[in-house]
Amino acid sequence: ETGRVLSIQSHTVQGYVGNKSAVFPLQLLGYDVDPINSVQFSNHTGYPTFKGQVLNGEQLWDLIEGLEANDLLFYTHLLTGYIGSVSFLNTILKVVYKLRSVNPNLTYVCDPVLGDEGKLYVPEDLVSVYREKVVPVASMLTPNQFEAELLTETRIGSETDGRKACNIIHAAGPSKVVITSINIDGNLLLIGSHQKDKEHAPEQFKIVIPRIPAYFTGTGDLMTALLLGWSNKYPDNLDKAAELAVSSLQALLQRTVNDYKSAGYDSRSSSLEIRLIQSQDDIRNPKTTFK
Ligand code: ADP
Ligand code: MG
Ligand code: MG
């Protein structure tokens with residue numbers, strides 16, 4: 001019920017996105033987490049400027065070879081998030097095969113970060129690489145609405161559309177799919193789907209999440225980490241795992257908004273930095289407030 005996670009994501013010096021958003025919660029849930037930082041930036045790219053370095057595919061592979069030379073490549077989970085280039089994504093594929101040659105049972109949790117609300121934030125040629133090569137080798141996929149639309153080449157305007165998109169993704173490979181949010185009249189609708197075997201229809205569920213009128217960064221990265229953490233503890237109960245993940249996350253977002261308000265900021269004006277450390281009790285022991 002615990003595990004060893006290789007997490008390949010961004011690192012920011014200040015603030016919580018990518019690995020900064022995923023590593024601490026997974027550690028709180030009892031996982032050994034080995035982070036590889038795909039970039040190291042001063043701050044997230046939503047600020048007016050940022051500085052830093054980008055890791056390329058060869059440099060990623062170097063680190064993998066270093067681990068391999070010392071027999072350190074046994075992982076139960078691989079976790080990936082934002083990836084900015086096709087060459088880096090192709091190296092991720094090599095990492096998946098390499099880790100599975102050491103542990104055939106490796107679970108690959110893939111957040112196919114492509115964009116949000118109709119806008120791509122990666123080069124367009126990444127979309128087909130995800131669709132054709134990465135999705136087929138993923139165990140669990142956690143797209144948002146826009147990403148699920150791009151990967152399934154369908155429009156998602158309703159709960160039914162979301163369930164159908166999950167079926168298309170299952171047919172491509174992953175047995176677990178969570179569409180983390182579909183925008184439906186002011187609310188966020190999460191749709192989860194677990195195909196336990198190929199002969200039966202997947203078990204599907206939804207969670208309605210009231211939209212908080214603010215923008216947060218790092219929530220998608222945190223959500224995927226929590227889904228990894230809880231779905232591994234409840235392997236046959238994706239609905240329970242999602243309830244726990246959403247409950248933690250909503251407590252954290254509420255705390256974030258309240259903190260900004262009491263400091264006198266207008267929480268609608270710009271993107272809010274999540275109160276991750278302050279929410280550690282809500283991550284360790286979520287009160288299940290979302291069903
Ligand atoms: P991404 O960041 O990849 O676009 P989502 O937008 O689906 O992912 O956000 C991930 C999760 O964060 C959602 O499932 C939801 O629980 C939570 N969340 C994000 N923004 C809000 C918001 N404004 N109000 C309430 N919950 C939010
Ligand atoms: Mg979003
Ligand atoms: Mg996301």
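The values are calculated or read from the model by the stated rules, or taken from the named source; none is laboratory data. What you see is a predicted model; the values in this text were computed from it and never measured. Cβ coordinates were reconstructed from backbone atoms using ideal geometry, including for glycine residues, and neighbour counts include every protein chain displayed. Only protein heavy atoms, including side chains, enter the accessible area calculation; ligands, DNA and RNA are left aside. Shrake-Rupley method; radii C 1.70, N 1.55, O 1.52, S 1.80 Å.
Can you name the number of the only condition in (1) within 16 Å of ligand 2 (Cβ to nearest atom); (2) hydroxyl-bearing (Ser, Thr, Tyr); (3) modelled with pLDDT of 95 or more that residue 121 fails?
(3)
Starting from residues that are within 22 Å of residue 280 (Cα to Cα) and away from ligand 3 (no atom under 16 Å from the Cβ), keep the ones in the range 211-228 and report whichever is most open to solvent (accessible area, probe 1.4 Å). First the steps, then the outcome.
Narrowing the range 211-228 to residues within 22 Å of residue 280 (Cα to Cα): 212, 214-228.
In the following step, the residues that additionally are away from ligand 3 (no atom under 16 Å from the Cβ) were identified as 212, 214.
Working: 212: 28, 214: 12 Å².
Within the range 211-228, the match that is most open to solvent (accessible area, probe 1.4 Å) is 212.
Taking into account only those residues within the range 53-75 that are within 24 Å of residue 218 (Cβ to Cβ) and in contact (Cβ under 8 Å) with a residue 40 or more places away in the chain, which is farthest from the chain's Cα centre (by Cα)?
60
Please determine whether any residue of the range 171-180 is within 16 Å of ligand 2 (Cβ to nearest atom), more than 21 Å from residue 79 (Cβ to Cβ) and more than 17 Å from the chain's Cα centre (by Cα).
No, because not a single residue in the range 171-180 is within 16 Å of ligand 2 (Cβ to nearest atom), more than 21 Å from residue 79 (Cβ to Cβ) and more than 17 Å from the chain's Cα centre (by Cα).
Name, by its number, the condition in (1) more than 12 Å from ligand 1 (Cβ to nearest atom); (2) modelled with pLDDT of 95 or more that does not hold for residue 84.
(2)
Can you give me the number of residues within the range 83-117 that are within 20 Å of residue 53 (Cα to Cα) and either in contact with a strand residue (DSSP E or B) (Cβ under 8 Å, 6 or more places away or on another chain) or within 16 Å of ligand 2 (Cβ to nearest atom) (or both)? Steps first, please.
First, pick out the residues of the range 83-117 that are within 20 Å of residue 53 (Cα to Cα): 83-92, 113.
If we keep only those that are either in contact with a strand residue (DSSP E or B) (Cβ under 8 Å, 6 or more places away or on another chain) or within 16 Å of ligand 2 (Cβ to nearest atom) (or both) as well, we get 83-84, 88, 92, 113.
The qualifying residues number 5.
Scan the range 263-271 and tell me whether some residue there is open to solvent by 40 Å² or more (accessible area, probe 1.4 Å), out of contact with any Asp or Glu (no Cβ under 7 Å at 6 or more places or on another chain) and within 20 Å of residue 21 (Cβ to Cβ).
Here is the first cut: in the range 263-271, the ones open to solvent by 40 Å² or more (accessible area, probe 1.4 Å) are 263-266, 268-271.
From the residues that got through so far, the ones that are out of contact with any Asp or Glu (no Cβ under 7 Å at 6 or more places or on another chain) too are 263-266, 268-271.
When the remaining residues are screened for being within 20 Å of residue 21 (Cβ to Cβ), the result is 270-271.
Yes; the residues of the range 263-271 include at least one that is open to solvent by 40 Å² or more (accessible area, probe 1.4 Å), out of contact with any Asp or Glu (no Cβ under 7 Å at 6 or more places or on another chain) and within 20 Å of residue 21 (Cβ to Cβ).
Starting from the range 112-130, keep only residues that are of a type in the set (Lys, Arg), then list their pairs with residues that are within 13 Å of ligand 2 (Cβ to nearest atom) whose Cβ atoms are within a distance under 8 Å, requiring at least 6 positions of separation or different chains.
These pairs meet every condition: 119/146.
Take the residues in the range 153-192 that are within 16 Å of ligand 3 (Cβ to nearest atom) and β-branched (Val, Ile, Thr); name whichever of them is most open to solvent (accessible area, probe 1.4 Å).
Looking at the filtered set, the residue picked out is 180.
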